[in-house]
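Asker: One structure, pasted below without further comment.
FYI, it's all coordinate maths here, none of it is from the lab. Because the structure is predicted, anything quoted here is derived from the model rather than measured. When we count neighbours, we look across all protein chains shown, and the Cβ atoms used for this are built from the backbone with ideal geometry, even at glycine.
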Amino acid sequence: MQNKENNFKKLEQYYIAQRPDKGQETKANVMSQKAVFGFISNVVDLFLPKVISVISNALDARSGQMHKK
Amino acid sequence: MIVNLLNPIIVNSEVKSCSDEEALDQYILTQNVNYFNLLYDRYSNKVFAKCISMLKRPDMAEDATQEIFVKVLLSVSKFSGRSKFSTWLYSITYNYCIDQIRKEQKQIVQHIEDFRYVDVTDDGMYDAEILETNVMRLKSVLVELHSDDMSILLMKYQDDMSIKEICDVIGKTESAVKMKLLRAKERFLKIYNSMYADSVEV
């Protein structure tokens, strides 16, 4: 198959030649989406354990009060 | 100070000489975007070409390219290294495009899976005729093909995937893939003949 003419490859090149800025704007968009996801995951990493500990403390305090009663 | 100034250059030259799999490993380890940029620069045009072949519209193809690379970014840790990076990327690309086409057109399955349990061999039947089709005619015939047929022909002829790699991408057995490929080639030639049977190729 390697020695035969392959017009599928030529068609691929034809489409690539039509791409206006060779995808630089798309690359910037991908990177900005990555930054957003990174920010969200950092926020979750930072605050989720705290939120969980606040909730569990509140639940412990509540069950302690119930026992006193 | 000088070492610090030279560092990005050294890093960039190191990055550029990486194989795809090394770049991906390094990106997972270091989160250095240069490694991801390298993969983007190597493959974004090819991904775009596949998207425009399947989705037809350049704006949709550009959006799809963006979505596919975001998917890659979010699922890099799922890449098992069982296949080549390019095979994994193209499998995300084809599956994404087929999903989009199904959503857009609510495309119903046009043909009944026809396995008939015959032993089909990939002996290159019709290869020469298909590969040598004039580029503009090839484009017109591919537009008329069902997305499943188009994707399997692109995998075979544009991406030079082996039958085993196509099996991994579409999740079918080897004999099913060979049968699908043969049917896709037959449908390609049927459409070609209906469009150009009477004309002389230029």
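Asker: Which value in nm describes the separation of the simple spin-label points at residue A:46 and residue B:136, placed 7 Å from the Cα toward the beta carbon?
Answerer: 5.9 nm
Asker: Please order B:154, B:73, A:48 by the number of other Cβ within 10 Å, starting at the fewest.
Answerer: Arranged by neighbour count, lowest to highest, B:154, B:73, A:48 become A:48, B:73, B:154.
Asker: Can you give me the P(r) profile for chain A? Cα pairs, bins 10 angstrom wide beginning at 0, each as a whole percent.
Answerer: 16, 17, 16, 15, 12, 10, 8, 5, 1
Asker: For chain A, take the longest principal axis of its alpha carbons; what is the angle in degrees between that and the long axis of helix A:7-17, to the nearest 10 within 0 to 90?
Answerer: Once rounded, one gets 70 degrees.
Asker: Something else now. Most exposed first by the Cβ proxy, i.e. fewest other Cβ within 10 Å, how do B:50, A:10 rank?
Answerer: Placing the least packed residue first, the sequence is A:10, B:50.
Asker: Could you line up B:42, B:82, B:187 from fewest to most neighbouring Cβ atoms inside 10 Å?
Answerer: Result, fewest neighbours first: B:82, B:42, B:187.
Asker: Using R₀ = 25 Å, calculate the FRET efficiency as 1/(1 + (r/R₀)^6) where r is the Cβ-Cβ separation of residue B:190 and residue B:104; round to 0.05.
Answerer: 0.55
Asker: Run the simple label-point estimate for residue B:31 and residue A:36 please: 7 Å along Cα→C-beta, distance reported in nm.
Answerer: Reported label-point gap for residue B:31 and residue A:36 is 1.9 nm.
Asker: Same structure, new question: Taking the simple approach of a point 7 Å from Cα along Cα-to-Cβ for both residue A:66 and residue B:129, what is their distance in nm?
Answerer: With each label point 7 Å from Cα toward Cβ, the separation is 7.7 nm.
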